[in-house]
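In what follows, a single structure is set out as structure tokens and then discussed.
The values are calculated or read from the model by the stated rules, or taken from the named source; none is laboratory data. Just so you know, these numbers come straight off a predicted model, no measurement behind them. Quick reminder, even Gly has a Cβ in these numbers, built from the backbone with ideal geometry, and neighbours come from all protein chains shown. To get the accessible areas, we keep the full protein, side chains included, count just its heavy atoms, and leave off ligands, DNA and RNA. Shrake-Rupley method; radii C 1.70, N 1.55, O 1.52, S 1.80 Å.
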Amino acid sequence: MQLITVAGSPSVGKTSVILRSCEQLMRSGLRVGIAKFDSLSTSDDQLYRQRGIPVVTGLAGSLCPDHYFVSNVEECLAWGRRQGLDLLISESAGLCNRCSPHIEGVLAVCVVDALAGVHTPKKIGPMLRLADLVVITKGDIVSQVEREVFAYHVRLANPAARALFCNGITGQGALELAATLRAAPATPQLEGVRLRFPMPAAVCPYCVGETAIGETHQRGNVKKMRFADLATAEAP
Amino acid sequence: MSRFATTPIQQLLHSYPCVEEFIAAIGLATPSDGRPLQEWLTRLSDEELLDAGMERGQILNHVERLIAEVEAMADGAAEKVTHITLLGGHDKSGRPEALELTLRAGEVVCVVGPTGSGKSRLLADIECLAQGDTPTGRRVLINGEVPSDERRYGLDRKLVAQLSQNMNFVVDLSVREFITMHAHCRQVGDAETTAEQVIAYANRLTGEQFSPEVSVTQLSGGQTRALMIADAALLSASPVVLIDEIENAGVDRKRALELLVGGEKVVIISTHDPLLALRGDRRIVIRNGGIAAVLETSAAERYNLAQLEAVDAAVMTIRDQLRRGLRIEEAIRWPT
Ligand SMILES: Nc1nc2c(ncn2[C@@H]2O[C@H](COP(=O)(O)OP(=O)(O)OP(=O)(O)O)[C@@H](O)[C@H]2O)c(=O)[nH]1
Ligand SMILES: [Mg+2]
Ligand SMILES: [Zn+2]
């Protein structure tokens with residue numbers, strides 16, 4: 001079985017491009033399934049099921065969906081095997097632009113949205129920079145100039161990746177996307193396989209339930225901002 | 001061993017501004033001494049690396065690929081597409097198209113056919129450089145050869161610039177800033193001057209002049225169209241321009257086509273407008289998902305085009321009179 005991680009900020013068009021490329025993959029006789037990760041709720045499972053695609057959903061609740069993903073990915077892989085899938089695609093929305101579900105040796109896809117503005121590629125962390133394939137959606141509603149500038153910034157943000165435009169509504173570009181997915185390496189097991197980059201250390205007091213504001217309540221991994229005006233005032 | 005590991009970092013930053021941008025983008029302080037790249041990386045603390053979101057090897061790798069990409073972009077600009085060849089597939093009922101169609105730079109080809117007949121599919125086949133792997137089974141060659149994977153998937157080497165009808169600007173920049181931004185990405189030497197040229201051309205294409213200072217979001221439909229056409233002709237990397245209809249309003253279509261063709265591009269226009277369709281050198285007729293015919297514009301059609309243009313000019317004059325508050329009572333003289 002082949003595993004593929006698809007990541008991208010909320011509403012960029014992940015489900016749309018996955019659906020469009022699944023249509024192509026299923027047409028060539030492959031069995032495709034989805035593991036969908038989100039925080040509070042999702043209706044993506046219905047969209048997949050409507051098209052006859054088996055799906056499991058993981059709701060992370062108070063955890064970061066990407067952390068939750070890594071803790072459960074082996075079980076998802078086992079589920080996929082029980083379903084007799086050829087391809088298992090995980091869909092997750094990084095909430096902080098910093099977490100990334102991408103795993104060594106597993107095809108890593110990042111979906112970005114051309115509507116988000118030309119400087120967005122710079123701001124996204126390992127989720128984009130360490131992906132193998134970057135899919136740009138919503139190119140249909142921005143100008144040709146912005147498409148070119150956006151593509152340029154994607155290339156600077158991740159010069160090693162392949163990148164392509166895919167329209168989540170019309171499916172233009174889905175064929176190329178499907179071809180890349182089909183060529184993903186096989187993932188027989190994940191025990192001991194590593195993430196491409198560590199997730200942020202989320203162990204500040206507020207991570208573990210603190211609600212009171214103020215320095216006396218801040219124990220553990222606390223990081224403080226630097227203020228230029230204070231720094232110069234303190235300098236001798 | 002990496003090509004740049006031992007290069008003094010100051011030298012790298014100086015030769016490749018993109019490296020400095022990258023270091024800033026991952027939130028690391030710009031190094032200010034002459035240590036080699038590898039040594040600078042070694043001295044970064046684990047916390048700095050965690051915040052940056054990349055490991056040492058990944059950063060080194062990234063810098064290397066980045067420089068290679070930027071160099072490739074500069075090379076790519078020189079690579080010329082003289083012609084593309086379309087090898088026929090089949091229509092919706094599986095009937096073979098049996099055709100080999102060569103489109104040359106500097107040529108205007110129109111695509112005509114009823115809505116839903118497969119015009120968009122044809123444009124999509126060209127755009128993705130189909131290799132028998134799309135529903136039509138068509139194949140596309142560049143300069144007579146099967147395109148490399150790099151061509152197919154390299155974003156900046158995209159073959160096709162597509163000017164669609166329903167598009168928006170997301171950025172809020174002045175026209176000058178906007179076009180200059182594009183020129184920077186295209187690595188043109190003097191971005192500001194090139195931008196001025198594009199804007200001047202756009203103003204020649206539209207009846208309603210606009211200033212370089214105006215925000216792109218305030219442009220009218222015609223002005224936007226004119227700006228995008230001038231940009232595609234003079235600044236876009238893509239040797240093929242696909243245009244979905246050029247409306248009559250606000251754009252001088254004759255000049256627009258001259259400008260695009262002068263830029264040594266293959267221009268493909270999907271249109272139902274006789275003034276546009278007959279101005280092309282050839283037109284591709286689509287029926288039932290397949291190419292049913294390729295018609296060369298004949299001498300008789302060119303004659304009729306001249307007549308149609310005269311009618312069009314007469315209508316335009318009347319529109320102008322209306323706009324100026326005049327009465328339209330004089331007998332209209334149609335061309336004979
Ligand atoms: N115009 C346009 N709209 C798109 C495109 N791709 C997706 N959309 C629309 O964008 C919206 C969000 O798409 P989804 O596919 O649900 O996005 P998502 O990333 O899966 O969202 P979450 O799973 O909720 O994070 C939908 O309304 C889509 O129809 C595109 O290429 N062009
Ligand atoms: Mg979704
Ligand atoms: Zn997170």
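Scanning region A:38-51 for residues that are touching a residue at least 24 places away in the same chain (Cβ under 8 Å) and more than 23 Å from A:Leu63 (Cα to Cα), we see that the one that is nearest to ligand 2 (Cβ to nearest atom) is A:Leu47.
Of all the residues in region A:134-160, those that are more than 9 Å from chain B (Cβ to nearest Cβ) and in contact with a Leu (Cβ under 7 Å, 6 or more places away or on another chain) number 2. Pairs please, first residue from region B:111-128 and more than 10 Å from chain A (Cβ to nearest Cβ), second anywhere and in a helix (DSSP H, G or I) and charged (D, E, K, R), Cβ atoms under 6 Å, 6+ apart in sequence or on different chains. Sorted first by the residue in region B:111-128, then by its partner, the pairs are B:Val111/B:Lys119; B:Gly113/B:Lys119. Restricting the first member to region A:1-20 and to residues that are under 15 Å from A:Ala179 (Cα atoms) and away from ligand 2 (no atom under 11 Å from the Cβ), and the second to residues that are acidic (Asp, Glu) and part of a loop (DSSP other than H, G, I, E, B), the beta-carbon pairs closer than 8 Å and six or more apart or on different chains are A:Gln2/A:Asp86.
A:Ser100 meets each of the listed conditions (1) of a type in the set (Ser, Thr, Tyr); (2) more than 25 Å from A:Thr137 (Cα to Cα); (3) touching a Leu at 6+ places or on another chain (Cβ under 7 Å) apart from (2). The single residue among B:Val266, B:Val240, B:Val261 that is β-branched (Val, Ile, Thr), more than 17 Å from B:Arg176 (Cβ to Cβ) and more than 12 Å from the chain's Cα centre (by Cα) turns out to be B:Val261. As a summary of the residue check, A:Ala131 satisfies the conditions (1) more than 13 Å from every other protein chain (Cβ to nearest Cβ); (2) part of a loop (DSSP other than H, G, I, E, B); (3) modelled with pLDDT of 90 or more except for the one numbered (1).
In this structure, does A:Ala163 turn out to be within 7 Å of chain B (Cβ to nearest Cβ) and free of Cβ contacts under 8 Å to residues at least 60 places away in the same chain?
Details: within 7 Å of chain B (Cβ to nearest Cβ): yes; free of Cβ contacts under 8 Å to residues at least 60 places away in the same chain: yes.
Considered against the rule, which asks whether it is within 7 Å of chain B (Cβ to nearest Cβ) and free of Cβ contacts under 8 Å to residues at least 60 places away in the same chain, A:Ala163 comes out as yes.
Of the residues screened, B:Thr30 is not one that is more than 28 Å from the chain's Cα centre (by Cα), surrounded by fewer than 17 Cβ atoms within 10 Å (Cβ to Cβ) and assigned to a helix (DSSP H, G or I). If you go through region A:67-103 and keep only what is within 16 Å of ligand 1 (Cβ to nearest atom) and open to solvent by 10 Å² or more (accessible area, probe 1.4 Å), you end up with A:Tyr68, A:Leu95, A:Cys96, A:Asn97.
Scanning region B:44-64 for residues that are surrounded by fewer than 18 Cβ atoms within 10 Å (Cβ to Cβ) and out of contact with any Ser or Thr (no Cβ under 9 Å at 6 or more places or on another chain) yields B:Leu44, B:Ser45, B:Asp46, B:Glu47, B:Glu48, B:Leu50, B:Asp51, B:Gly57. Filtered by the rule that a residue be open to solvent by less than 10 Å² (accessible area, probe 1.4 Å), more than 12 Å from every other protein chain (Cβ to nearest Cβ) and either more than 16 Å from ligand 2 (Cβ to nearest atom) or more than 13 Å from the chain's Cα centre (by Cα) (or both), region A:104-127 gives A:Val106, A:Ala108.
Look at (1) among the acidic types (Asp, Glu); (2) over 27 Å from A:Ser41 (Cα atoms); (3) in contact with a Ser or Thr (Cβ under 8 Å, 6 or more places away or on another chain) and you find that A:Asp132 fails only one, number (3).
In this structure, A:Ser39 qualifies as within 16 Å of ligand 1 (Cβ to nearest atom), away from chain B (no Cβ under 14 Å), touching a helix residue (DSSP H, G or I) at 6+ places or on another chain (Cβ under 8 Å) and farther than 14 Å from A:Thr15 by Cβ. Selection of region B:288-335 for residues being assigned to a loop (DSSP other than H, G, I, E, B) and either within 30 Å of B:Thr85 (Cβ to Cβ) or in contact with a helix residue (DSSP H, G or I) (Cβ under 6 Å, 6 or more places away or on another chain) (or both) yields B:Asn288, B:Gly289, B:Thr297, B:Ser298, B:Ile328, B:Pro335.
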